[in-house]
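K.L.:
Below you'll find the structure I mean.
Derivation of every value follows stated rules applied to the coordinates shown; laboratory data play no part. Treat the numbers as computed from the prediction; the structure is a model and nothing was measured. Heads up, the Cβs are rebuilt from the backbone with ideal geometry, glycines too, and the neighbour counts pull from every protein chain shown.
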Amino acid sequence: MIAGLLDGIFNGISIGAVLLIAALGLAIVFGLMGVINLAHGELMMLGAYTTFVVQNGFKMLGKPWSETYIIFALILAFLVTAAVGLVLERGVIRYLYGRPLETLLATWGVSLILQQFARSVSWVLVIGIAIFCFLFFGALWVLSRRPDFERIRNWVIAIMLPISLGVASATGAFLGQTYKLAVTKPWFGAQNVDVTAPNWLRGGLRLGTLQMPYTRLFIIGLTIVCVAGIYVFLQRSPWGLRIRSVMQNRSMSACLGIPTAKVDAITFALGSGLAGIAGCAISLLGSVGPNTGQNYIVDTFMVVVVGGVGKLVGSIVAAMGIGTINYLISSKVLVPMVAPIKPLVDLFEFFGTTSMAKVMVFALIIAFLQVRPGGIFPQKGRSVDA
Amino acid sequence: MILDAVLEVKGMKQQRKRLLLMEVGVTIAIALLLIFVMPAVLTGFRLSLLARFLALAIAALGIDLIWGYTGMLSLGHGVFFALGGYALAMHLQLAPLKNGLPEFMSLFGITELPWFWQPFYSFGFAAAAVVIIPALLAAILGYLVFRNRIRGVYFSILTQAATIVFFNFFNGQQGFFNGTNGLTNFKTLLGASVSNSQTQFVFYTLTVLFLAAAYALCRWLTSDRFGRVLIAIRDDESRMRFSGYDPTGFKVVVFAISAALAGIGGALFTLQSGLISPKAMDIAFSIEMVIWVAVGGRASLIGAIFGALLVNFAKSLLSEKFPGIWVFFQGALFLIVVTVLPDGVVGWLRYQGFQHLLTLLGRNKQVATYPSLEEDPEVQHERENIRN
């Protein structure tokens, strides 16, 4: 029974670590900017696909390199998703600050686009998008140096948009006609792809009867590194100081000369980059598909809500708590412990599957919010709406 | 809304009455048009699509009531929609059997009809359950959430989590609800064959009538004092509370009504498509329902209906031809509507479009009130200047 419990706690912690690493970026963005990013799961998916691509690239390099791909994949996944996050913030979210519900819908739109993009991305699509961006944004950039740009802006957009779209799709159609499948074949398709862990991450550590897979230990370690890194960044670096100050009082920080727009962009890119790292981590646990992000998004939101907004500690405690409780219920570890009480046994047996455990965890969360509506560590302040 | 206010200030009760009568007349005319003319104009396939989309429009009205008027964005209306559908589907499964089990149950090793299936033998009970189960669930969930002043995005996230929970529940309980496949293969309802084209026409007529009734209900709710309270909650809940109202009760009631509307929509949709499965309560569908309202226009009931029909027809047309493109298009729709057309098509016509018309006719612009602090142009201006 004790062994079972230990096993349960280890597994719970490893699930919690995955949840935490997925929720970390979300918690930072939500806590700082009040932005609910429903595309966070898709950013994780992008990170996972980046890992897949890096793995295939390193496979071609041969033996000593193919074992180390995971390190480079982590870095690249961070950079790629951070860049996507930056574009997202500059292009969409920036216009929606102070309207959280609208942001939620807009990011859901982004998440749909990214999902379909992962399914149907091919050379034609990439080339088409590149041509469109080059023509449209190039023209905007060239014309933006004219003094009367603001006056003609609408005209420029109205003219350049159809032209760029037309040229891009015509080129795409031409390439598709000429090279056929070589350029139109989707890179990944709708099927899931598999990332295999390097050899040194296979197998597991054996402690008595307890089996701890190295991949899970690696993820736990990665989570610790990320949390520590975020903590140091927020507490010790100049940009961390700016971020914290904007978080506490946006208008006061702006008065004191902190570039709040830049802080927002950096924070969002950071949160997105963390999503990329999370995606890299979850790619070690199972296969990667366009729907990968969807499986995590609600759980990670629960972590943020239960933890209390903008508190790193809250997210950690909530992730570990939800992960552990989820595992303990779904694996029926608790059943022998309540053996004398028949109704409780029936209850735990009924909820003893992965999907039913979620039902019970949700009920527990609702019950918990009755006691502490602001989460474990609510934000202190005088705001009426807090 | 602006129009209403101005009219009232001038004390033109008479004209209001005339407008109301006109609206009733127009509604009846549209309903009659849908029932008698549409079947002659449209092909059978398009008509059945229209019938389904009208059922979806009923659910959209419910969403408009809580999102457009009360400012609560529920991402969990798929649950209520599906619960209504399941309630009716359970009756449809049981109706042809006198004794015995629906086929799928014996496949999963269940030998006796579960107790909660028993009452669904009666049509009356099932019909009542279509309304009552979603409303009750919404009332309980709503009470627990609103009591603690959980709102805004937190409310959205909790409702979204509820969809996951119910999806898992219905997906996982294969013996009770046939899991992923859902309930399907309906034969008779009250003795009439469901697949019969005449019966289907009856269902279509019923959908139109229910939609008209739902519209009337929402119109009545929103034009009265109750509607003002809802708008007050949307615009400034704290101030509302300080003025001595308790928003919790109002929010619970409106959430329950909107869930009941979603349930009715779900039941009618199930009747016409012959299928209800857990897919109706996944996140994607629940958020899709919100975008119908957003496209049509929040806080305008016509907009909700119009948006549901427009988006769904666009979806069926586009996804027939290019299955991949629809998703891109849908994503873009979310982005464009939110950033460029926050009031939706009908909202644009009503606010900007109406203003344009007035200025064209040489009349002065009406004084605009703003719905909330976030949208006050002066506050916006200040914010933008701080930002730079």
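K.L.:
Ratio of alpha-carbon Rg to the 2.2 N^0.38 Å globular estimate for chain B, to two decimals, please.
P.N.:
So chain B has a normalised radius of gyration of 1.05.
K.L.:
Follow-up. Within a Cβ distance under 15 Å of A:LEU88, other residues only, what is the Lys/Arg minus Asp/Glu net charge?
P.N.:
For residues surrounding A:LEU88, the net value is -2.
K.L.:
Just to confirm the number: angle between the C-alpha axis of helix A:292-307 and the first principal axis of chain A, 0 to 90 degrees, nearest 10?
P.N.:
It works out to around 70 degrees.
K.L.:
Connecting C-alpha atoms closer than 10 Å in a GNM of chain A, tell me which of A:ALA254, A:ALA23, A:ALA106 has the biggest fluctuation.
P.N.:
Comparing A:ALA254, A:ALA23, A:ALA106 in the GNM, the peak value goes to A:ALA254.
K.L.:
A further question follows. Could you tell me the largest-minus-smallest coordinate of the C-alpha atoms of region A:1-144 on each of the three principal axes, in descending order and whole angstroms?
P.N.:
Ordered largest first, region A:1-144 gives principal extents of 70, 47, 23 Å.
K.L.:
How tilted is helix A:69-91 with respect to the longest principal axis of chain A? Cα atoms for both, answer in degrees (0 to 90, nearest 10).
P.N.:
It is inclined by approximately 60 degrees.
K.L.:
Still on this structure, I have one more. Have a look at B:PHE167, B:PHE186, B:PHE322 and tell me which one the Gaussian network model of chain B (Cα, springs below 10 Å) gives the largest fluctuation.
P.N.:
B:PHE322
K.L.:
Now for a separate question. How far, in degrees from 0 to 90, does helix A:123-143 lean away from the longest principal axis of the Cα atoms of chain A, to the nearest 10?
P.N.:
60
K.L.:
Sticking with this one: With n ≥ 4 as the cut-off for DSSP H runs, can you work out [θ] at 222 nm for the protein assembly as shown, using -39500 (n - 2.57) per run divided by the number of residues, rounded to the nearest 500?
P.N.:
-23500 deg cm²/dmol
K.L.:
Still on this structure, please answer the following. Give me the percent relative contact order of region A:78-190, please, defined on Cα pairs under 8 angstrom at least 6 residues apart.
P.N.:
With pairs under 8 Å counted, the relative contact order is 39 percent.
K.L.:
Based on the alpha-carbon gyration tensor of chain A and its eigenvalue square roots a ≥ b ≥ c, which shape applies: rounded if a/c is under 1.5, prolate if not and a/b is larger than b/c, or oblate?
P.N.:
Oblate, because a/c is 1.5 or more while a/b does not exceed b/c.
K.L.:
First check a/c for region A:131-278, with a ≥ b ≥ c the square roots of the eigenvalues of its C-alpha gyration tensor; if it is under 1.5, answer rounded, and if not, answer prolate when a/b is larger than b/c or oblate otherwise.
P.N.:
oblate
K.L.:
Rounded, prolate or oblate for region B:13-123? Axes are the square roots of the Cα gyration tensor eigenvalues, ordered a ≥ b ≥ c, and the cut-off for rounded is a/c under 1.5.
P.N.:
Here region B:13-123 falls in the prolate category.
K.L.:
What does the charge add up to near A:ILE152, with Lys and Arg as +1, Asp and Glu as -1, over the other residues with Cβ less than 15 Å from its Cβ?
P.N.:
+2
K.L.:
How many partner chain Cβ atoms sit within 10 Å of a residue's Cβ in peptide A:289-299, on average, as a whole number?
P.N.:
The per-residue average across the peptide is 2.
K.L.:
Further question: Could you give the DSSP H helices of chain B that reach 18 angstrom or more along their long axis (alpha carbon positions) and whose average Kyte-Doolittle hydropathy is no lower than -1.0?
P.N.:
Membrane-span-like by this criterion, though nothing is claimed about a membrane: B:13-32, B:44-63, B:77-94, B:123-146, B:153-172, B:197-223, B:247-273, B:283-296, B:301-321, B:323-339.
K.L.:
If I take the Cα coordinates of the protein assembly as shown and project them onto the principal axes, what are the three extents in Å, biggest first?
P.N.:
82, 81, 66
K.L.:
Find out how many positive minus negative residues lie around A:PRO213, taking Lys and Arg as positive, Asp and Glu as negative, among other residues whose Cβ is under 11 Å from that of A:PRO213.
P.N.:
Here the count lands on +3.
K.L.:
Given a 10 angstrom Cα cut-off, can you work out which residue in A:GLN177, A:GLN294, A:GLN248 is the most mobile in a GNM of chain A?
P.N.:
A:GLN177
K.L.:
Amide H to amide H under 5 Å from A:LEU38: which residues, 5+ apart in sequence or cross-chain, H placed 1.01 Å off N in plane?
P.N.:
Distant-sequence amide H within range of A:LEU38: A:THR107, A:TRP108.
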